Amino acid sequence: MARIVDKTLLAERVVLLEIEAEKVARYAQPGQFVVLMPFETSERIPISLHNWYKEKGTIEIVFQVVGRTTLELASLDVGNSVYTLLGPLGRPLALEKYGRVVFVGGGLGIPPIYTIARELKRVGNEVCSIIGARTASLVILEERIREASDELLICTDDGSYGRKGFVTEALQELLGQKHIDLVIAIGPVPMMEAVSHLTRPLGIKTIVSLNPIMLDATGMCGVCRVKVGGETKFACVDGPKFDGHQVDFADLRRRLSMYAKEEAEALEKWETKVWRRESP
Ligand SMILES: Cc1cc2nc3c(=O)[nH]c(=O)nc-3n(C[C@H](O)[C@H](O)[C@H](O)COP(=O)(O)OP(=O)(O)OC[C@H]3O[C@@H](n4cnc5c(N)ncnc54)[C@H](O)[C@@H]3O)c2cc1C
């Protein structure tokens, strides 16, 4: 059991939880994730580590309520406990001096950028972050990402905050202005695919963080398999970060939508049971 010590609503249906997890906090590295079950009867779901405090022995995660399990997680309050929490999982990003690194983060891809950018900056990289959302109220964690970056560009699809347009448009402009050594894109699959498409002809190394459906997260069940460079990889133990130029995004999209009907039914059934409050 892992006790929740803080809970913040960052945007509509987007929640930050600070959870006691002393060992996860002690061993966490940038780019890793945890797997948790809100209740004994819940599914196991993977959520990226947003941040951790080694001294306090706590971790922070940010998640969006999209279905039954995230709904259950959002129903927990400060003082309640998450039934199980396993981590840190996944391969961390190597903390090397790459040079000028550009992060591209969309929606729920923004939280995991924070510690990766902070640590890459700490080891001497120049970090520029481009973060985007549909509209101003969905731009989250601006101050933290600003603190972790040398430069921050904010984009909204409707122009209500920052520059109007997609993060990929801001990246395209930047690619024409500066030499860039590494691009790290985290967010919706179409965004990561578009970023990889932009950087491939320029030969700029591009890392994406894949979010396939994942179950055991220890490399045994194979549910999170993805195709990278013509080979089958398990996102849980081989990733979740992969070379964006090698990823078969069409296969990922197909696998992600395999259970759409069942997910919609589960959400409908559980929404009325769990989501009794107006907001988490
Ligand atoms: C490595 C990794 C890191 C992630 N980090 C975050 C994060 O930091 N914040 C966040 O909000 N979300 C994150 N996700 C996605 C998160 O796991 C799903 O939103 C969650 O599992 C949805 O569960 P649900 O029951 O609420 O929704 P469902 O109704 O069951 O599903 C809604 C959608 O979520 C995805 N999904 C469902 N089950 C899983 C599963 N077991 N594993 C992965 N995806 C699933 C599918 O795309 C599905 O269409 C991450 C996924 C992975 C693989």
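None of the figures in this text is laboratory data; all of them are computed from the coordinates on show. Small disclaimer: the values here were computed from a predicted structure and weren't measured. So basically every Cβ, Gly included, is an ideal-geometry build from the backbone, and we count neighbours across all protein chains shown.
Values as computed for the structure displayed
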quantity	calculated
Estimated translational D of the range 196-277 in µm²/s (Stokes, Kirkwood radius over Cα pairs; 10 °C; 1.306 mPa s)	110
Bridge type composition, the range 133-280 - antiparallel percent by DSSP, nearest 5	55
³J(HN,Hα) computed for each position of the range 137-151 - Karplus, 6.51 cos²θ - 1.76 cosθ + 1.60, integer Hz, glycine/proline x	5, 9, 7, 10, 6, 4, 5, 5, 5, 4, 5, 8, 10, 7, 9
Cα-derived Rg over Rh, computed across the range 41-115 with Rh taken as Kirkwood radius	1.00
GNM flexibility winner over the chain from Glu119, Glu142, Glu231 (Cα, springs under 10 Å)	Glu231
Fraction of antiparallel bridges per DSSP, the chain only, in percent to nearest 5	60
Net length gained if the chain between Glu43 and Leu215 were fully extended (0.36 nm per residue, minus Cα distance)	61.1 nm
Per-residue Cβ neighbour rank within 10 angstrom, fewest leading, His179, His197, His50	His179, His197, His50
Assigned charges on the beta-carbon of Lys, Arg, Asp, Glu; the range 100-209 dipole about Cα centre (debye)	160
Shape parameters for the range 147-186, alpha-carbon atoms, Rg then Dmax in Å	11.0, 31
From phi via Karplus (6.51, -1.76, 1.60), per-residue ³J(HN,Hα) for the range 173-189 in Hz, x at Gly/Pro	4, 5, 5, x, 9, 10, 7, 10, 8, 8, 10, 10, 10, 9, x, x, 4
Share, in percent, of DSSP beta bridges within the range 100-209 that are antiparallel, nearest 5	0
Choice from Asn80, Asn51, Asn211 showing the highest fluctuation, given a GNM over the chain with Cα pairs closer than 10 Å	Asn80
Bins of 10 Å from zero: percent of alpha-carbon pairs in the range 140-232	13, 38, 30, 17, 2
Zero-based 10 Å bins, Cα pair distances in the chain, whole percents	7, 29, 37, 23, 4, 0
Fluctuation leader among Val223, Val102, Val183 - the chain, Gaussian network, Cα springs under 10 angstrom	Val223
log10 of Debye I(q)/I(0), alpha-carbon scatterers only, for the range 102-182 at 0.10, 0.15, 0.19 Å⁻¹	-0.21, -0.47, -0.75
